[in-house]
Amino acid sequence: MADNRTMAQMLQDPTEGYEDAIVVPPINANNFELKQTLINLVQSNQFTGRQDSHNHLCFFNKVTSTFRHPEVPNTTVKLLIFPFSLEGEARIWLDKEPPRSILTWEDLVS
């Protein structure tokens, strides 16, 4: 059965239970900005679930280590950017993880 509601009606739906799995810690730094070039680099080697996950994480760690902000831990940057590194089956896997279940980088990679 087709959903014939308007976009405005669909946007009224409750969003409870639709939170992301990854919880990015609050960033209280002044002038913090992720550069588009960093996101582009991460997206240039997206993991689909069919490649070697170790190689993907090594590449991801190298790319994210190039970004430094004195008030933002590198692990926070990794949590913020990691979803951009996934596509296909890998993205579906992340989307199926329980809401707010990944609180640290260790939670994600273990």
Kirkwood-Stokes translational diffusion coefficient of the chain, alpha-carbon pairs, 25 °C, 0.890 mPa s, µm²/s: 156
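Quick check on the exposure proxy: order L94, L86 from fewest to most C-beta atoms within 10 angstrom. Numbers along the way, then the final one.
Numbers: L94 17, L86 21.
Least crowded to most crowded, the residues run L94, L86.
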Relative contact order computed over the chain (Cα-Cα under 8 Å; 6+ residues apart), in percent: 42
Residue-count net charge about L79 - beta-carbon cut-off 15 Å; Lys, Arg +1, Asp, Glu -1: -3
Rounded if a/c under 1.5, otherwise prolate or oblate - region 48-110, Cα gyration tensor axes: oblate
Neighbour cut-off at most 11 other Cβ (10 Å), DSSP loop, GluC sites (Glu not before Pro), region 39-104: E71
In region 28-110, trypsin sites (Lys or Arg not before Pro) in a DSSP loop with at most 14 other beta-carbon atoms within 10 Å: K35, R50, R68, R100
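Round to the nearest 0.05 the FRET efficiency obtained for Q12 and T75 when R0 = 41 Å and r is the Cβ-Cβ distance. Let's see the in-between values first.
Details: r = 36 Å, r/R0 = 0.89.
Computed FRET efficiency for Q12 and T75 comes out at 0.65.
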Listed residues Q9, T66, L86: farthest to the positive end of the dipole of the chain (Cβ charges): T66
Extension gain (nm, one decimal) between D95 and E33, 0.36 nm per residue minus Cα-Cα: 19.8 nm
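Each value in this text was obtained by applying a stated rule to the coordinates, not by laboratory testing. All of these numbers come straight from a predicted model, not from anything done at the bench. Neighbour counts are summed over all protein chains in view; Cβ atoms, including those assigned to glycine, are modelled from backbone coordinates with ideal geometry.
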